[in-house]
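Written below as structure tokens is the structure these notes are about.
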Amino acid sequence: MKCKVQLIGRLGSEPEITSLGNGAQVATLSIATEEYWKDKQGNAQRRTTWHRAKFWAEGTIGYIQRNLTKGQLVEVEGGFRYEEYTDREGVKNKVPVINGTNIMPLSFPDNSPPEGQPGNGSGEDDYIPY
């Protein structure tokens, strides 16, 4: 069985590119999604949910570095998993993380197309307009 996640949201901060001890890199994105509805009294309501996505493919990380900035609308696909960490008080916690496999910008900061193909991990630099 497989768990697949697809979300559309805005980048809440600049992408964070981290180098690991083994020479590999990881791109971490903070993404906000919003839901809108009316409550029983007819008042407009909004809920923002924050998500963390990590990308491991070298070509996709390069694409993210060159083309994505805070505030952009993006579509992210990937798997779902939990990461465990220990807080300052020594308590173990689990946080949900999207293990990103594809990313597609849906808005551009300067109304120009991005460099390279949207991040599918291929590393190819051919832009295909959709």
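Only the coordinates and a few stated rules stand behind these numbers; no lab work does. In this text the structure is predicted, and so the values were computed from the model without any measurement. Every residue, glycine among them, receives a Cβ derived from its backbone with ideal geometry; neighbour counts consider all protein chains shown.
Condition check: aliphatic (A, V, I, L, M) and in contact (Cβ under 8 Å) with a residue 24 or more places away in the chain. Does LEU73 satisfy that? Lay out the reasoning, then the answer.
Details: aliphatic (A, V, I, L, M): yes; in contact (Cβ under 8 Å) with a residue 24 or more places away in the chain: yes.
Yes: the conditions hold for LEU73.
For segment 67-112, residues that are assigned to a strand (DSSP E or B) and farther than 24 Å from SER19 by Cα total 3.
Every residue, every condition in (1) within 15 Å of the chain's Cα centre (by Cα); (2) not small (Gly, Ala, Ser), yes or no:
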| site | (1), (2) |
| --- | --- |
| GLY42 | no, no |
| GLN45 | no, yes |
| ALA57 | yes, no |
| GLY71 | yes, no |
| PHE80 | yes, yes |
| TYR85 | no, yes |
| ASN93 | no, yes |
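Filter segment 29-66 down to residues that are polar (S, T, N, Q) and more than 15 Å from GLU16 (Cβ to Cβ) and give me whichever is surrounded by the most Cβ atoms within 10 Å (Cβ to Cβ). Break it down stepwise before answering.
Initial filter on segment 29-66 (polar (S, T, N, Q)): 30, 33, 41, 43, 45, 48-49, 60, 65.
If we keep only those that are more than 15 Å from GLU16 (Cβ to Cβ) as well, we get 33, 41, 43, 45, 48-49.
On the way: THR33: 14, GLN41: 6, ASN43: 8, GLN45: 10, THR48: 11, THR49: 11.
My answer is THR33.
Hey, does segment 13-25 have a residue that's over 17 Å from ILE98 (Cβ atoms), buried (at least 17 other Cβ atoms within 10 Å of the Cβ) and not polar (S, T, N, Q)? No, the conditions are met nowhere in segment 13-25.
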